[in-house]
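> Supplied in structure tokens, the structure appears directly below.
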Amino acid sequence: MNILILLKNSPLDVSIVNFTASVFNDDSVKLHLLNLIEVNGEIPTKPSGEVLDVCTEFDLSDYHDRAQKNQVYLTTFNKDSIQDRRSMVGDRIKLIKHYIANHSIDLIVGGSHKTSRIEDLFVKTFTSSIIEKIDIPFLTIKCNRDEFKPSKIGIIRAFMDPKTEDLSMIKRMAAFHQSEIVLVKIRTKDDKRPIETIEAKMNLFASLNNLSSEHLILDRSNKEKGLNTIVGEHLVDLIALEKTERIGFLPFLGKDESKTLVNHIYAPILIY
């Protein structure tokens, strides 16, 4: 299993590496450390995302100096599972896609800062861009979780039309750490189905996906409050959300809130 860890030369970097090594702590895992330095939109890039150095009218010296310093910085991380360390300059999303294709990456892990509602209106975060534009699973954290071991993994769904999903990443983590899997439905006022109907859908989901799981139904005024409840009351410690193109972004959340809500929750979130 190859895991790409995105590092920003920030205080959270050490925890991101420790977190990943703790969650995926077996001999088959290879870690790839990648630091990306984004160029401004005027600087042309190759299809791989790297800058076109032949365009001499652009001064790239500052970018390359930063990349060299960050390359040295990446050598300070000491884990036997680290396979590659690389600092690159260019278009970040294209660079990630190119790296994934050339190194058979199975999962991306990265940090994400908490945003305010005002920021959500005007700023598209890097985390949102990754989730929207890159297909492989993405696991994001926001605070120090050096020795994190998930005890309860919450699969959050609407449970309207259960289907078979690729839960291999979740099952792998749960098997390794002996984690409980909890199916969570946050019932807001727009879902008027009786609890018995929702429970039947949850049972069907568990059966279709060969899961042994607990079931939790929470009545809350909105989904963010529900997510904060399950995290704050330690009902789950890792959240799993499915990404699909069927209705836009993350179907559990809906088109509008899905691109911002992942920036508000402190628990690690796996989006696959």
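A short reminder: the numbers here are calculations on the coordinates, not readings from a lab. This one's a predicted model, so the numbers in the text were calculated from it and none came from an experiment. We place every Cβ from the backbone using ideal geometry, glycine too, and count neighbours over all the protein chains shown.
> I need the P(r) histogram for the stretch 63-103: all alpha carbon pairs, bin width 10 Å from 0 out to the longest distance, whole percents.
Bins of 10 Å from zero give 25, 48, 27 percent of pairs.
> May I pose another question? Just subtract the alpha-carbon distance of Leu235 and His64 from 0.36 nm times their residue separation and send over the number in nm, one decimal.
57.0 nm
> Over the stretch 2-141, what relative contact order in percent results from Cα pairs under 8 Å that are six or more residues apart?
Once divided by the residue count of the stretch 2-141, the mean separation gives 33 percent.
> What is the extension gain from Glu147 to Ser212, computed as 0.36 nm multiplied by their sequence separation minus the C-alpha to C-alpha distance, in nm to one decimal?
The span from Glu147 to Ser212 would gain 20.8 nm if fully extended.
> Quick one: longest stretch of the chain between exposed loop trypsin sites (Lys or Arg not before Pro), exposed meaning at most 10 other C-beta atoms within 10 Å and loop per DSSP?
1-162
> Related question: If I take R0 = 30 Å and measure r between the Cβ atoms of Arg172 and Glu42 in this structure, what FRET efficiency does the formula 1/(1 + (r/R0)^6) give, to the nearest 0.05?
Numbers: r = 43 Å, r/R0 = 1.43.
Taking R0 as 30 Å, the efficiency between Arg172 and Glu42 is 0.10.
> Taking only C-alpha pairs under 8 Å that are 6+ residues apart, what is the relative contact order of the chain in percent?
For the chain, the relative contact order is 20 percent.
> Another question about this same structure. Step by step: find N for the chain, compute 2.2 N^0.38 Å, then divide the Cα radius of gyration by it. What's the final number? Display every interim value, and only then the final one.
Numbers: Rg = 19.7 Å, N = 272, 2.2 N^0.38 = 18.5 Å.
Ratio of Rg to 2.2 N^0.38 Å for the chain: 1.07.
> A further question follows. Where both partners of a DSSP beta bridge lie in the chain, what percent of those bridges are antiparallel, to the nearest 5?
Counting only bridges with both partners in the chain, antiparallel ones make up about 10 percent.
> Here's something else I'd like to know. P(r) for the stretch 2-141: what percent of alpha-carbon pairs falls in each 5 Å bin, starting at zero?
2, 9, 19, 21, 21, 15, 9, 4, 1, 0
> Continuing with the same structure: Using the alpha-carbon atoms, what tilt in degrees (0 to 90, nearest 10) does helix 223-232 show relative to the longest principal axis of the chain?
The angle comes out at about 90 degrees.
> Need one number: nm distance between label points at Glu165 and Ser221, each 7 Å from Cα along Cα→Cβ, rounded to one decimal.
Reported label-point gap for Glu165 and Ser221 is 2.7 nm.
> Now for a separate question. Please list, in chain and number order, the residues 5+ apart from Lys185 or on another chain whose amide H is under 5 Å from its amide H, with Hs placed from the backbone.
Leu216, Ile217, Leu218
> Looking only at Asp65, Asp146, Asp237, which one moves most when the chain is put into a Gaussian network model with springs between Cα atoms under 10 Å?
Answer for the Gaussian network model of the chain: Asp65.
> Say a paramagnetic label sat at a point 7 Å from the Cα of Glu180, along Cα to Cβ; which residues of the stretch 189-221 have their backbone N under 12 Å from it?
Zone members listed by number: 213-216.
> In addition: Taking amide H atoms as placed 1.01 Å from N in the peptide plane, list the residues 5 or more away in sequence, or in a different chain, whose amide H sits under 5 Å from that of Ser151.
Sorted by chain and number, the residues that satisfy this are Asp237.
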